[in-house]
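Computed from the coordinates by the stated procedures, all read-outs in this text should not be read as laboratory data. Everything numeric here is computed off the predicted structure, so don't read it as measured data. No Cβ is skipped: glycine too gets one built from the backbone with ideal geometry, and neighbour counts run over all protein chains shown.
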């Protein structure tokens, strides 16, 4: 980022404890962490809503987190984001932001192809990094970035936001308490019309930066696929995998617009199957996660939250189907009313992002393990790389 700074604030003093001595922000959870946001695309509103203490999903952040600056190559976008969320300063040059603001944490929300460069810059300036997905294009790039973080004694984490959505944690609980039995299969399906010429991915006159990634547009979703699968399987290594990457639309703008992938791994209780399905031609929009166990299965749609659970119920095998219909029907009605309220209030499916950010800041303040660890990021990157290998492709 090389454009001139729009605002040039004075350099702030080092954090001190009242006696004149410098204090590490990890010494006290009550210490306010200074945060900056780089990139003002659509996802930035969720990050800035959290940072500004306006989140509906977590306790107020003022006193724990202080947004100090926004940065974007567009001065208009940077100024607008800062004014909308009451952020004191805005920049078009990241190096100047780091120099004058010296943030404790930087949120990198720029196109994926810029993540490694910008994250390295922030880490070397002494800031922790929270990066939107995918943090890197490959496991090799990720390992190099983790080396930078380690050499700077800073932390970097990737947004695995959907793993923190309540519907996903509810299904995890059903596995943990034995309700679903032993894990056997996880199927994740995303249906989105990404090839629509009127959408953000399909405009040939303004190509989206994600097209430059190894999986093209679908690379924007691979982190969601892999992180959710590994969330349930506990980082099982999938020794057999096959992936059909297709461009059914034949639109030359797209590398791929369709994915059908199958993975088989060996879990502690036997084989575990995983399936990813991305479809740009079906409808309506959906993001379903279905988890099968040896006793039953559970499913949710993260775009329209509702969890359906099919398990043995009171009354035995003859009455369990009816009992499941009744229980799931009642749940559907409740969630239907709740989702109507979400639409009216224009609430997005990013509740998990706010919860993840809250846990991340608490961990940074105390020096505890981050909710999305280096090993979590490595496992996701390895799986995505595995599906992109030529020997894996169908």
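Rounded to the nearest angstrom and listed largest first, the equivalent-ellipsoid semi-axes of the chain from its Cα gyration tensor are 37, 25, 21. Dimensions of the stretch 25-160 from C-alpha coordinates, computed as largest minus smallest value along each principal axis and given longest first, are 38, 37, 30 Å.
This ranking places 378, 189 by how few other beta-carbon atoms lie within 10 Å of each, fewest first, which gives 378, 189. Here the stretch 79-150 and the stretch 201-247 have alpha carbon centers that stand 22 Å from each other. Sequence-distant contacts, meaning Cα pairs under 8 Å at least 6 residues apart, place the relative contact order of the chain at 17 percent. Residues within the reach of a label modelled at residue 394 (point 7 angstrom out along Cα to beta-carbon, backbone nitrogen below 18 Å), restricted to the stretch 272-298, are 272-282. Against the main long axis of the alpha-carbon atoms of the chain, helix 75-84 sits at an angle near 80°.
With the simple model of a label 7 Å out from the Cα in the direction of the Cβ, residue 74 to residue 237 spans 4.5 nm. Listing 163, 152 from the residue with the fewest other Cβ atoms within 10 Å to the one with the most, what is the order? Least to most surrounded, the residues fall as 152, 163.
Looking at the stretch 354-394, the pairs of alpha carbons with a distance over 14 Å make up 60% of the total. Using the alpha-carbon atoms, what tilt in degrees (0 to 90, nearest 10) does helix 316-344 show relative to the longest principal axis of the chain? Value to nearest ten degrees: 30. Neighbour counting of Cβ atoms within 10 Å sorts the residues 179, 233, fewest neighbours leading, into 179, 233.
Of the beta bridges in the chain, as assigned by DSSP with both residues counted there, near 55 percent are antiparallel. Antiparallel beta bridges, as assigned by DSSP with both residues in the stretch 163-388, represent about 85 percent of the total such bridges.
Helix 166-176 and the longest principal axis of the C-alpha atoms of the chain enclose an angle of approximately 60°. Were the residues from residue 147 through residue 60 laid out at 0.36 nm apart, the gain over their Cα-Cα distance would be 27.9 nm.
Using helices alone, I'd like the mean residue ellipticity at 222 nm for the chain: each DSSP H run of four-plus residues gives -39500 (n - 2.57), total over residue count, nearest 500. Walk me through the numbers before you get to the answer.
Numbers: 10 runs with 135 residues, N = 394.
When only DSSP H runs of four or more count, the value is -11000 deg cm²/dmol.
One decimal place: the segment residue 211-residue 177 gains 8.1 nm when fully extended, by the rule 0.36 nm per residue minus the C-alpha distance.
Normalising by residue count, the stretch 163-388 has a Cα convex hull of 157 Å³ per residue.
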